[in-house]
1. With unit charges on the beta carbons (Lys and Arg positive, Asp and Glu negative) and the dipole taken about the Cα centre of the range 109-210, which residue among Met142, Ser168, Gln114 sits farthest to the positive side?
2. Between beta-carbons, use under 12 Å as the cut-off and find the net charge around Ile106, counting Lys and Arg +1, Asp and Glu -1.
3. If you count the DSSP beta bridges with both ends in the range 18-105, what percent of them are antiparallel, to the nearest 5?
4. Want the number for Ser176 to Gln3: 0.36 nm per residue separation, take away the alpha-carbon distance, what's left?
5. In terms of the Cα gyration tensor, with a ≥ b ≥ c the square roots of its eigenvalues, is the range 1-91 rounded because a/c is under 1.5, prolate because a/b exceeds b/c, or oblate?
6. Placing +1 at every Lys and Arg Cβ and -1 at every Asp and Glu Cβ, with all other atoms neutral, what dipole size does the range 1-138 have around its Cα centre, in debye to the nearest 20?
7. Which residues does a label at Val75 reach in the range 126-156, if reach means a backbone N under 18 Å from a point 7 Å past the Cα toward the Cβ?
8. Quick one: which of 19-29, 95-105 comes out on top by average Cβ neighbours within 10 Å, and what's the full order, highest first?
Amino acid sequence: MGQKVNPTGFRTGIYEPWKSRWYAPKKEFRGLLLEDFKVRTFMKKKYRSAAIAKIEIERTRDEVKVILHSARPGVIIGRKGQEVDRLQDELQELLGRRVNLKVEEITRPEIQAQLVAEDIADQLTKRAAFRRILKRTLESTMDAGAKGVKIQLAGRLGGAEMSRCEKSIAGSVPLSTIRAKIDYGFCEAPTAQGHIGVQVWVNQGMYEENGDAADAQEGQTPKKPKRSYKR
């Protein structure tokens with residue numbers, strides 16, 4: 001099962017929290033979902049250089065809270081916080097609601113799958129050799145402390161007439177093990193010959209080892225108590 005689904009969705013509600021945390025009645029759900037999509041698309045296009053790995057959205061009756069996880073928060077904050085105020089005003093115009101913006105820094109961007117995928121896509125757009133990119137990325141991610149990395153490219157690689165897939169793996173990437181903290185990222189590289197899809201899986205270790213396991217969140221079903229087995 002773990003080989004066929006998105007690793008983040010596979011672990012959501014068990015170890016990973018939801019990226020959109022709000023509740024709405026059936027009539028309003030579609031509109032609010034589109035608003036979340038607009039916010040994420042807007043931020044990804046405008047602040048591609050800020051290396052945003054994840055965008056979380058929380059809603060209350062009064063406001064929308066947007067949490068940005070970025071490797072370069074200075075690009076978003078700007079000098080004396082002027083850029084944040086301007087961005088907050090733009091989001092309020094886009095949504096028509098009061099927006100509370102929060103920026104959090106990512107301490108280890110080298111093992112964030114989304115940032116790794118975007119970096120590979122940027123290099124492919126600049127016509128770099130894809131095999132060299134794969135080898136260099138695997139080495140740098142493993143050196144940064146990842147337990148395993150898997151990268152898959154699909155498209156007209158190297159300007160070939162027929163599209164194909166190229167896959168490279170280093171270390172251990174147990175996709176079916178829910179306890180394994182597998183980060184997943186996807187990005188498209190627009191080239192002259194067509195778009196090349198980039199998929200990245202990064203094994204960041206086990207949740208129990210890092211202590212990053214997400215406990216029961218809002219809306220999550222309570223876990224059953226563990227059984228004690230006597231020998």
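1. Ser168
2. Values: positive: Lys54, Arg72, Arg108; negative: Glu104, Glu105, Glu110, Asp183.
My count for the surroundings of Ile106 gives -1.
3. DSSP beta bridges in the range 18-105 are roughly 40 percent antiparallel.
4. Values: separation 173, 0.36 × 173 = 62.28 nm, distance 0.66 nm.
Working it through step by step, the gained length comes to 61.6 nm.
5. Working: a/c = 2.27, a/b = 1.32, b/c = 1.71.
Oblate shape, in that a/c is at least 1.5 and b/c is the bigger or equal ratio.
6. 560 debye
7. Only 126 fall inside the zone, counting backbone N under 18 Å.
8. Ranking the peptides 19-29, 95-105 by packing returns 95-105, 19-29.
Coordinate-derived values only; no laboratory data. Quick caveat: nothing in here was measured; it's all calculated off a predicted structure. Note that each Cβ is placed from the backbone with ideal geometry, even for glycine, and that neighbours are counted across all protein chains shown.
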